[in-house]
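The values are calculated or read from the model by the stated rules, or taken from the named source; none is laboratory data. These figures come from a predicted structure and were not determined experimentally. For neighbour counting, all protein chains shown are included, and Cβ atoms are generated from backbone atoms with ideal geometry for every residue, glycine included.
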Amino acid sequence: MTRLEEIRNQIRQTVADVKETNPMAGSITNSVTINLVANTQIAVGGSAAMVYLPDEGQFLVKAGGATYINMGTMLPIYEETLPLAVKTLKIEDKPWVLDPVAIGIGKLRTAMLKFFKEYVPDIIKGNASEIIALAGLWQLEGGTGESKVRGVDSTNHVDEAKAAAVSIARWTDGAVIVSGEIDLVTDGEFVATCRGGSHFLGKITGGGCALGGAASIYLTSSTPFIAALTAVSAFNLAGERAEEQTDAPASFQMAFLDELYKATPEDIADYHFEMEEF
């Protein structure tokens with residue numbers, strides 16, 4: 001069996017396991033996109049639970065199979081919530097996904113992201129500018145000291161973030177997703193390039209956040225690299241199918257959730273991507 005065949009089999013098994021077991025991944029996430037994140041986690045076969053209070057975050061970490069932390073809308077209480085959550089994740093040996101949304105904006109956001117380096121996320125998902133900026137903040141190869149994020153949008157192309165993504169993945173011994181028109185997924189050894197999806201994902205609020213939420217669900221049943229690649233493949237497949245049904249963002253979002261729900265393990269595992277060894 002080739003490496004590619006093995007990966008496709010693992011993706012197939014991951015999707016099947018999630019649909020069968022309905023695992024929960026708790027989220028401390030962006031209040032702007034919380035609804036789409038929750039609906040996405042449910043659509044792929046998981047169970048969603050959203051919190052922001054410190055004690056509730058700690059409870060969800062213990063109760064869930066994985067956790068999703070998204071930095072999109074920071075609240076003052078997160079200065080207590082987030083450190084408690086990641087410390088509990090480490091104690092409980094539970095996997096988690098980090099989305100460093102809008103890195104470089106504000107002191108609290110920067111302090112939390114510096115703090116997270118020592119608590120080692122299993123999957124990090126961001127756009128190209130966010131991944132480059134995080135590598136810089138963590139003083140890793142491929143990073144820069146200045147964030148080029150425009151609000152929550154990237155000003156860099158995905159291929160510009162490859163070196164940063166690989167160095168972060170090697171540091172965490174996990175996986176990194178760089179989302180964009182072409183998505184990149186790496187575990188520090190292999191790099192998968194994933195084409196497809198839909199331009200409408202850039203026309204709705206929360207497509208990237210929802211991808212992180214889906215990755216956290218798949219992380220309950222698989223390794224970081226397979227979970228990340230499964231989430232990206234599912235999103236590109238559902239986006240492509242949804243775009244065939246509509247010509248506007250609102251109806252696309254509805255069709256997208258439907259297609260995530262309907263996608264079979266075989267559909268997702270067979271979706272096209274390219275692999276290279278780095």
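Condition first: surrounded by fewer than 22 Cβ atoms within 10 Å (Cβ to Cβ) and of a type in the set (Gly, Ala, Ser). Can you find one or more residues in region 59-68 that meet it? Within region 59-68, one or more residues are surrounded by fewer than 22 Cβ atoms within 10 Å (Cβ to Cβ) and of a type in the set (Gly, Ala, Ser). Among the residues of region 116-139, just one is surrounded by fewer than 24 Cβ atoms within 10 Å (Cβ to Cβ) and among the β-branched types (Val, Ile, Thr), namely Val120. Does region 232-246 contain at least one residue that is over 16 Å from the mean Cα position of the chain (by Cα), assigned to a helix (DSSP H, G or I) and under 26 Å from Gly143 (Cβ atoms)? No; the residues of region 232-246 include none that is over 16 Å from the mean Cα position of the chain (by Cα), assigned to a helix (DSSP H, G or I) and under 26 Å from Gly143 (Cβ atoms). Here is the figure for region 51-98: residues that are more than 16 Å from Leu113 (Cβ to Cβ), in a helix (DSSP H, G or I) and among the basic types (Lys, Arg) total 2.
Here the condition is being out of contact with any Asp or Glu (no Cβ under 8 Å at 6 or more places or on another chain) and of a type in the set (S, T, N, Q); of Ser198, Ser216, it holds for Ser216 alone. Contact map, region 1-26: residues that are over 17 Å from Gly65 (Cα atoms) paired with residues that are of a type outside the set (A, V, I, L, M, F, W, C), Cβ distance under 6 Å, separation 6+ or inter-chain. Pairs shown: Ile11/Thr230; Arg12/Pro265. Given the structure, is Ile11 under 20 Å from the mean Cα position of the chain (by Cα) and within 27 Å of Ile132 (Cα to Cα)? No. Screening Lys125 with (1) in a loop (DSSP other than H, G, I, E, B); (2) modelled with pLDDT of 95 or more; (3) of a type in the set (D, E, K, R) gives one miss only, at (1).
Take the residues in region 232-278 that are of a type in the set (Gly, Ala, Ser) and buried (at least 19 other Cβ atoms within 10 Å of the Cβ); name whichever of them is farthest from His199 (Cα to Cα). Here the residue is Ala269. Summed over region 178-203, the residues that are over 15 Å from the mean Cα position of the chain (by Cα), outside any loop (DSSP other than H, G, I, E, B) and either surrounded by fewer than 21 Cβ atoms within 10 Å (Cβ to Cβ) or among the polar types (S, T, N, Q) (or both) give a count of 5.
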